[in-house]
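Q: Input: one structure, supplied below.
The values are calculated or read from the model by the stated rules, or taken from the named source; none is laboratory data. Model, not experiment: these values are computed from the prediction. Please note: Cβ atoms are built from the backbone with ideal geometry, for glycine as well, and neighbour counts cover all protein chains shown.
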Amino acid sequence: MKIFYGLMATVVVGSLLGCGPSGVPQSAGEPHRPQIHFSPAEKWMNDPNGMVYFNNQYHLFYQYYPDSTVWGPMHWAHATSKDLVHWDHQPVALYPDSLGWIFSGSAVADVNNTSGFGKDGKTPLVAIFTHHNSPMEKTGSSVFQYQSLAYSLDEGKTWEKYAANPVLKNPGIRDFRDPKVMWYEAGKKWIMTLATMDRITFYSSPDLKNWTKESEFGKEVGAHGGVWECPDLFSMEHDGKQVWVLIVSINPGGPNGGSATQYFTGDFDGTTFTPHNTDIKWIDYGPDNYAGITWSNTGDRKVFIGWMNNWQYANVVPTEKWRGAATLPRELRMEKVGEQYYVASNLVKELDVLNEKKTSLENIDATDLDIDDKFGKLAGAAKLDMEASSASSFTITLSNSKGEKLLIGYDQSANKYFIDRTLSGKVSFEKGFAARHTAPRISKEAGMNMSLVIDDASVELLADDGLTVMTAVFFPNERYTEMQINSPDKTIFNKLAFTPLKSIH
């Protein structure tokens, strides 16, 4: 991605902070260091890239600058996991070269060896990425981004760039990047979904090397507050019907300012994407989930992860040794509300390995509830789950001894969920950071449920079985340890459960 346009890898559940790509030991005790989210051991991270599952291992590559904690010449860093929770940092996979910096892209397992890269029966992993030619950009050229390949025959440990790069030259579009490639079985061909300034362009190929333009989508539909980036195309089933989903990140122009990720549902015939409707929908309404895509080669299961940051302030957030993290990984599914399809998100079941002893209560009056009295003080990452038979207003307050606080809840009169970080701690590093962010309640059911995942410097809200999702980062001067629930309407929670979570470090 281009500077101030991109996504930060905020991977599933947390990073192992042993040795990073540079081999420098890190400590889990650093201020604001995620305890259950993936983060780089040091330096800069943004978009997750090249996510592929192969031979029982999840690969996460991500935009990385090894020389600074602000965005710079992009590399692909690499981490691997068996469970989407505990991650091992691997050596940097792709370095800049004479063709340019290594911008965002994807990776596939070429099981049929359509590319011809495979040897001795070894399945090649093939990375498809954008080369960004900075010197060419500085000349005023409009063709400084183009698509290239690299391949690995040792399950991602080492990579060889294709000698005939680039495989898709730029036709004259300044923003021509972020290829997400998938195998389209019905047509026995690869489909590349590419961000091309203010729209998506689809290309096809029999071998990953030779590409033909198929169609364009989006110039007149969707949110257009900023450039389109980091697309993803895949299908899911709902009641026996195949529904295609097109994810498109946009910066700026998100529902709460800055970066965000919209999506469309529709049909795809191997050539053209036809949307069901042109209503704007967001995969996450919070300010801090950007450039997320799904892992390839996972069959019918669609696992998504995003960069837990926002280009509005990504370069200035108050962390020291590193900047950037990934969201928790989420499993996507299709739901229908009325006549419209929606993408819902749930935390991947693998995260349950972090659960410590759960404490549950029933029929709790939330008018003025000190959660500390019921569950003890917050002492690290945790999950709070609640269910109510009616959707009434309530506010959950996380706070510390300095009076800093984060407010999370539901406003019945507006029919919106919210996260308010106005008084959350360090907020002066960017003028728009201290704000109240909202998200519509999509569910039409009378009852509601909500899961809240709390880490040292982030919160993820998944309401109504993941129909409404919000992610937000925050930076208190000391950890939040106290939790309170207040409701002006005497809300009764049928169930309220608190689960401490183990650190992944």
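Q: For residues that are farther than 27 Å from Thr438 by Cβ and either out of contact with any Gly (no Cβ under 9 Å at 6 or more places or on another chain) or in a loop (DSSP other than H, G, I, E, B) (or both), tally how many sit in region 267-285.
A: 6
Q: Tell me yes or no: at least one residue of region 263-278 is more than 24 Å from Pro329 (Cβ to Cβ), in the same structural domain as Phe61 (by TED's automatic domain parsing) and among the hydrophobic types (A, V, I, L, M, F, W, C).
A: Within region 263-278, one or more residues are more than 24 Å from Pro329 (Cβ to Cβ), in the same structural domain as Phe61 (by TED's automatic domain parsing) and among the hydrophobic types (A, V, I, L, M, F, W, C).
Q: Also, quick follow-up: Out of the residues in region 206-241 that are part of a strand (DSSP E or B), in contact (Cβ under 8 Å) with a residue 24 or more places away in the chain and touching a Ser or Thr at 6+ places or on another chain (Cβ under 7 Å), which is surrounded by the most Cβ atoms within 10 Å (Cβ to Cβ)?
A: Cys230
Q: For the subset of region 288-331 comprising residues that are more than 12 Å from the chain's Cα centre (by Cα) and in a strand (DSSP E or B), which member is surrounded by the fewest Cβ atoms within 10 Å (Cβ to Cβ)?
A: It comes out as Lys302.
Q: Whether any residue in region 382-393 is on the phi > 0 side of the Ramachandran plot, out of contact with any strand residue (DSSP E or B) (no Cβ under 7 Å at 6 or more places or on another chain) and small (Gly, Ala, Ser) is what I want to check.
A: No.
Q: Follow-up. Quick test for you: out of Asn113, Asn133, pick the one residue that is in the same structural domain as Ile305 (by TED's automatic domain parsing) and free of Cβ contacts under 8 Å to residues at least 12 places away in the same chain.
A: Just one listed residue meets the conditions, Asn113.
Q: Quick check: anything in region 479-498 touching a residue at least 40 places away in the same chain (Cβ under 8 Å), touching a Ser or Thr at 6+ places or on another chain (Cβ under 9 Å) and under 21 Å from Gln312 (Cα atoms)?
A: Looking for residues that are touching a residue at least 40 places away in the same chain (Cβ under 8 Å), touching a Ser or Thr at 6+ places or on another chain (Cβ under 9 Å) and under 21 Å from Gln312 (Cα atoms), one finds none in region 479-498, hence no.
Q: Right, here's the next one. Quick check on region 73-107: of everything there that is in a strand (DSSP E or B) and hydroxyl-bearing (Ser, Thr, Tyr), which residue is farthest from Gln147 (Cα to Cα)?
A: If we take residues in region 73-107 being in a strand (DSSP E or B) and hydroxyl-bearing (Ser, Thr, Tyr), then Ser81 is farthest from Gln147 (Cα to Cα).
Q: Across region 369-390, what is the number of residues that are surrounded by fewer than 21 Cβ atoms within 10 Å (Cβ to Cβ), of a type outside the set (S, T, N, Q) and more than 27 Å from the chain's Cα centre (by Cα)?
A: 7
Q: Still on this model: Out of Val92, Val85, I need the residue that is in contact with a helix residue (DSSP H, G or I) (Cβ under 6 Å, 6 or more places away or on another chain) and on the phi < 0 side of the Ramachandran plot. Which one?
A: So the residue among Val92, Val85 that is in contact with a helix residue (DSSP H, G or I) (Cβ under 6 Å, 6 or more places away or on another chain) and on the phi < 0 side of the Ramachandran plot is Val85.
Q: With the requirement that a residue be under 17 Å from Ser104 (Cα atoms), in contact (Cβ under 8 Å) with a residue 40 or more places away in the chain and of a type outside the set (Asp, Glu), what does region 163-176 give you?
A: Scanning region 163-176 gives Asn165, Pro166, Val167, Leu168, Phe176.
Q: Ok, one more. Identify, from the list Pro488, Pro440, Pro500, the residue that is surrounded by 17 or more Cβ atoms within 10 Å (Cβ to Cβ) and of a type outside the set (S, T, N, Q).
A: Answer to the selection: Pro500.
Q: A further question follows. Could you list, in sequence order, the residues of region 114-134 that are loosely packed, with under 15 Cβ neighbours inside 10 Å and either under 26 Å from Pro231 (Cα atoms) or touching a strand residue (DSSP E or B) at 6+ places or on another chain (Cβ under 6 Å) (or both)?
A: If the condition is that a residue be loosely packed, with under 15 Cβ neighbours inside 10 Å and either under 26 Å from Pro231 (Cα atoms) or touching a strand residue (DSSP E or B) at 6+ places or on another chain (Cβ under 6 Å) (or both), then Ser134 is the only one that fits.
Q: Going by the structure shown, is Ser22 modelled with pLDDT under 95, in a loop (DSSP other than H, G, I, E, B), surrounded by fewer than 20 Cβ atoms within 10 Å (Cβ to Cβ) and not β-branched (Val, Ile, Thr)?
A: So Ser22 passes the test.
Q: Something else now. Can you tell me which of Ile247, Ile280 is out of contact with any Phe, Trp or Tyr (no Cβ under 8 Å at 6 or more places or on another chain) and either at pLDDT 95 or above or within 26 Å of Arg174 (Cα to Cα) (or both)?
A: Ile280
Q: Another question about this same structure. Conditions: (1) assigned by TED's automatic domain parsing to the domain that holds Phe429; (2) among the hydrophobic types (A, V, I, L, M, F, W, C); (3) without any contact (Cβ under 8 Å) to a residue 60 or more places away in the chain. Phe304 meets all but one. Number of the miss?
A: (1)
Q: Please work out if Tyr151 is surrounded by fewer than 22 Cβ atoms within 10 Å (Cβ to Cβ) and within 20 Å of Thr80 (Cβ to Cβ).
A: yes
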